[in-house]
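The values are calculated or read from the model by the stated rules, or taken from the named source; none is laboratory data. The shown structure was predicted, so the numbers you read here are calculated from the model rather than taken from an experiment. Note: ideal-geometry Cβ built from the backbone for every residue, glycine included; neighbour counts use all protein chains shown.
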Amino acid sequence: MKTSSTFSILFWADFARAKDKRASLYARITVNGKRATISLKRKVIISDWDVHRNRARGNSQKSRVLNSYLDETYTFLFECYRELKAERKLITAQAVKARYLGDDDDSYSIMDIINYHNEDMEGKLKWGTQKNYFTTQRYIFKFLKK
């Protein structure tokens, strides 16, 4: 599996959708030219945003807190990228975004798997066969409760 890739993180303010002279902040993850965008759920006053540095201008408390948050976000996104690389998984911008948001968890409980099976087989199996799977599901559920 290919693990080498180009990776970058860019913070930007969306001035096009700014309201009340405040723009929303976003992080853009780029891996091999493919992008994924994450809303940082923060706003910045347009005049306080430095477009060239992609950071808040000034030395005020607000600016320092925002820049600190951006640094933490950058570190966490980079850590997500490193984890994917260490796990030798396919590295894409969407995979890094999913890891950052916590949506990449691929673990399922036995009940999740049984429910998936029963829903997937609905209409493919005759009712008598499907009824047996429902009975098995009920017995497993009772066993797990004890």
(request) All but one of (1) touching a strand residue (DSSP E or B) at 6+ places or on another chain (Cβ under 6 Å); (2) surrounded by fewer than 17 Cβ atoms within 10 Å (Cβ to Cβ) hold for residue 97, so report the exception by its number. (result) (2)
(message) Condition check: in contact (Cβ under 8 Å) with a residue 40 or more places away in the chain and either more than 16 Å from the chain's Cα centre (by Cα) or farther than 19 Å from residue 89 by Cβ (or both). Does residue 11 satisfy that?
(response) yes
(request) Look through 99, 53, 138, 64 and report the one residue that is out of contact with any helix residue (DSSP H, G or I) (no Cβ under 9 Å at 6 or more places or on another chain), free of Cβ contacts under 8 Å to residues at least 40 places away in the same chain, within 17 Å of residue 27 (Cβ to Cβ) and of a type in the set (Lys, Arg). (result) 53
(request) Quick one: which residue in 90, 144 is under 30 Å from residue 6 (Cβ atoms) and at pLDDT below 90? (result) 90
(message) Residues that are within 26 Å of the chain's Cα centre (by Cα): list the helices (runs of 4 or more DSSP H) wholly contained in the stretch 28-146 that include at least 3 such residues.
(response) 61-86, 93-101, 110-121
(request) Count, please, the residues in the stretch 38-49 that happen to be surrounded by 13 or more Cβ atoms within 10 Å (Cβ to Cβ) and without any contact (Cβ under 8 Å) to a residue 24 or more places away in the chain. (result) 2
(message) Of the residues 65, 96, only one is of a type outside the set (S, T, N, Q) and in contact with a Cys (Cβ under 8 Å, 6 or more places away or on another chain); which?
(response) 96
(message) Exactly one condition in (1) over 24 Å from residue 14 (Cβ atoms); (2) of a type in the set (Phe, Trp, Tyr); (3) in contact with a strand residue (DSSP E or B) (Cβ under 9 Å, 6 or more places away or on another chain) is false for residue 116; which is it?
(response) (3)
(request) Kindly check whether there is at least one residue in the stretch 25-34 that is surrounded by fewer than 12 Cβ atoms within 10 Å (Cβ to Cβ), among the small types (Gly, Ala, Ser) and within 18 Å of residue 102 (Cβ to Cβ). (result) no
(message) I'm trying to understand the selection: among the residues of the stretch 100-120, which are surrounded by 16 or more Cβ atoms within 10 Å (Cβ to Cβ) and among the aliphatic types (A, V, I, L, M)?
(response) 114
(message) For residue 123, only one of the following conditions fails: (1) exposed (fewer than 13 other Cβ atoms within 10 Å of the Cβ); (2) at pLDDT below 90; (3) on the phi < 0 side of the Ramachandran plot. What is its number?
(response) (3)
